């Protein structure tokens with residue numbers, strides 16, 4: 001009985017210690033992410049080093065590599081979090097389906113600018129090199145983009161003026177929109193980010209989306 005009690009107590013303390021360590025680890029990782037986001041936003045990706053991030057966060061450099069392999073990994077994680085928040089904002093955006101799509105792409109282009117051309121190029125490379133039975137699932141990020149657009153298109157589908165007709169095949173439209181997005185950021189990467197992707201897209205984004213979705217929208 002005493003052995004069983006001792007074992008139970010040890011399990012309790014070990015479990016409690018593990019949980020506390022996990023929470024501490026989460027706080028440490030959050031510090032690194034917060035510092036990275038603030039520094040990169042202020043100075044740009046290429047002008048911020050791992051040392052800058054660890055110094056700003058008060059975390060040891062060795063600890064940084066416990067959570068991330070490199071600085072690029074930090075940006076990828078921040079971009080994923082931003083993307084999830086952007087989807088929710090786009091779905092809740094006060095406008096019709098074309099305006100929601102324009103808002104979503106505009107925010108994604110801003111995130112590409114923030115992440116930097118090197119990260120975006122790697123994302124494109126991963127999308128091309130990974131093979132999958134379904135093209136939109138080549139990478140997790142690409143599939144997330146596809147699902148996000150499907151949600152944005154369908155949230156008010158069939159509800160009247162400005163929304164997609166109920167008989168419209170969303171799958172085809174999502175693939176067209178994803179292809180449009182890939183084309184835009186590919187050109188941006190090929191030109192070595194020589195133009196402001198977010199700002200310049202404002203001039204043609206609505207026209208492009210209207211041309212793509214217009215024939216399928218209730219008038």
Quiz item: Just a yes or no: is a residue in the stretch 74-83 over 20 Å from residue 43 (Cα atoms), crowded, with 16+ Cβ neighbours inside 10 Å and in contact (Cβ under 8 Å) with a residue 40 or more places away in the chain?
Solution: yes
Quiz prompt | Residues (at pLDDT below 70 and in a helix (DSSP H, G or I)) located in the stretch 128-174 | solution = 129, 135, 136, 137, 140, 141
Quiz item: Could we say that residue 193 is modelled with pLDDT under 90, more than 16 Å from the chain's Cα centre (by Cα) and not in a helix (DSSP H, G or I) here?
Solution: no
Practice problem: Determine if the stretch 203-216 includes at least one residue that is in contact with a strand residue (DSSP E or B) (Cβ under 6 Å, 6 or more places away or on another chain) and either modelled with pLDDT of 90 or more or within 13 Å of residue 99 (Cα to Cα) (or both). | Solution: yes
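The values are calculated or read from the model by the stated rules, or taken from the named source; none is laboratory data. As the structure is a computational prediction, the values presented were derived from the model and not from experiment. Using ideal geometry, Cβ is built from the backbone for each residue, glycine included, and neighbour counts are taken over all protein chains shown.
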